[in-house]
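Derivation of every value follows stated rules applied to the coordinates shown; laboratory data play no part. Since we're looking at a predicted model, the values are computed, not measured. Neighbour counts run over all protein chains shown; Cβ positions are idealised from the backbone, glycine included.
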Ligand SMILES: NC(=O)c1ccc[n+]([C@@H]2O[C@H](COP(=O)([O-])OP(=O)(O)OC[C@H]3O[C@@H](n4cnc5c(N)ncnc54)[C@H](O)[C@@H]3O)[C@@H](O)[C@H]2O)c1
Ligand SMILES: [Zn+2]
């Protein structure tokens, strides 16, 4: 199958305009099916319908669809009735994702040029005809599961929303690569490597992940003619060290990797950081692909091109900026993730909601069960937030610091708890205490910290600094935070839901109540 993106919906929803922007964003070719038909027929669609009738036009449409589909992966804008024929619908749905664009009658009416001679089905009383077209096709249009409302938004905003819906991003700020979020996407890994010219893969993973997923990934790659070796290390942060990197380097040599080979990192943030670093240094840098398997690594660690490992003196002290050639996020992989890891990862998802997606935040507030039943949407939205931030500020010169929300207090609490608290748990506590502080200094309206706390609680995350952790030690730890500059510590504080502000704080004692 071809992984096309089809844009569909009533006339006037902006399928062509949005489609062109979307194609540009994703670096894909764009096809407008109506244009293809007109070019082939050598006449306007209005003329075809007028002279040969609508059924003939629909035949031509079906033929054009079949032809466009076999071309290379692209964004395809369809005519407003192109999928009325079931045969066409099946063809489209088997060859990509169909996104239905919908709008209020008024929006459509305003957007359509009343004089356009090329809207034959709407000629004459346009408003009336549009209304009855919408009524007639109501069931048809509403039967498409991927749907978005385009009213009141620019083509750029709509294209971005379409990207979130289909789970397809193309990053350019550091390196250039696709980030894909697809349920069961792993099934298509071989095809994705082939499409990107990535060859001779080797799989790098940890024992916990290997137990559930390595065999399947190997089998899927073999189906595409690859013959990957596997290097496995034990799971956990304590193995994020030079010894593991060394094991990878030697494993690469043993497997006969050369400069054209591809490292596939299958695992959580630890594997991603290690494998990315090993790839960045092996023969001065070979290709790597990131397949995050923990929620945390999907929505956070796998995005941004940072790789590295820990020294006994401290975490992440050695590393490089080295983006992968592809990030493939398959939410199905999360089904085997231990519950506590899942909950911990949710703290970062909530953080992304607070930073810039209020709707994501309110989806998280529905609690753990709802989230688990709607994983794909949660992962896509959370990834979209981080992608937006890192694309705007890839090398952490400015607003990327927004991602630090909850982390100044969080890191300190994590450290003082001697890592008894998981990272996400500490960040949950950090977000609430930083929000309370933001309220006290008038940066946030009162009540915001309570809203954040109740959402985190519904996800089974802690929201209060455990009583046994000494306040002075937490403050001391904050001072040591590596993100400090000479005098003050820069906090990312919530302003309202969906907005944060960077604030320099001198008086750290005042941060904790
Ligand atoms: N590169 C970056 O930008 C960046 C950003 C933030 C954090 N990080 C790093 O990410 C790391 C934390 O990531 P993490 O939380 O994913 O840790 P992790 O890789 O240790 O994974 C957590 C645990 O879950 C297990 N696991 C992962 N996926 C699984 C699955 N699908 N089924 C069963 N078990 C599974 C792992 O074996 C491990 O025991 C830290 O080392 C941190 O420094 C990197
Ligand atoms: Zn974090």
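The alpha carbons of the stretch 1-47 occupy a box of 34, 24, 19 Å along the principal axes, longest dimension given first. The long axis of helix 375-392 is offset from the longest Cα principal axis of the chain by roughly 80 degrees. Note the angle between two axes, namely the Cα long axis of helix 269-281 and the longest principal axis of the Cα atoms of the chain, as a number of degrees from 0 to 90, rounded to the nearest 10. The answer is roughly 90 degrees. As a length-normalised measure over Cα pairs under 8 Å and 6 or more apart, the relative contact order of the stretch 45-158 settles at 31 percent. Put the Cα centre of the stretch 169-231 next to the Cα centre of the stretch 326-345 and the gap is 16 Å. Rounded to whole Å, the principal axis extents of the Cα atoms in the stretch 1-150 read 41, 33, 27, largest first. Computed from the alpha carbon positions, the gyration tensor of the stretch 339-483 leads to an equivalent ellipsoid with semi-axes of 23, 19, 15 Å, biggest first.
The calculated FRET efficiency for residue 504 paired with residue 176, based on their beta-carbon distance and R0 = 56 Å, is about 0.95.
If the Kirkwood radius is taken over C-alpha pairs of the stretch 24-92, then at 20 °C and 1.002 mPa s the Stokes-Einstein diffusion coefficient equals 172 µm²/s. Each principal axis of the stretch 336-412 carries a Cα extent, and these read 38, 27, 22 Å when sorted largest first. Computed from Cα atoms, the angle from the helix 448-458 axis to the main principal axis of the chain rounds to 90 degrees. In the stretch 191-349, the convex hull through the Cα atoms has an average projected area of 8.7 nm², a quarter of its surface area. Simple spin-label estimate for residue 52 and residue 468 gives 8.0 nm between the two label positions (7 Å along the Cα-to-Cβ direction from each Cα). Seen from every direction in turn and averaged, the convex hull around the alpha carbons of the stretch 71-176 projects onto 8.6 nm². The modelled label-to-label distance between residue 156 and residue 216, using points 7 Å beyond Cα along the C-beta direction, is 4.0 nm. At the listed q of 0.12 Å⁻¹, the Debye profile of the chain, built from one uniform point per Cα, gives log10 I(q)/I(0) equal to -1.11.
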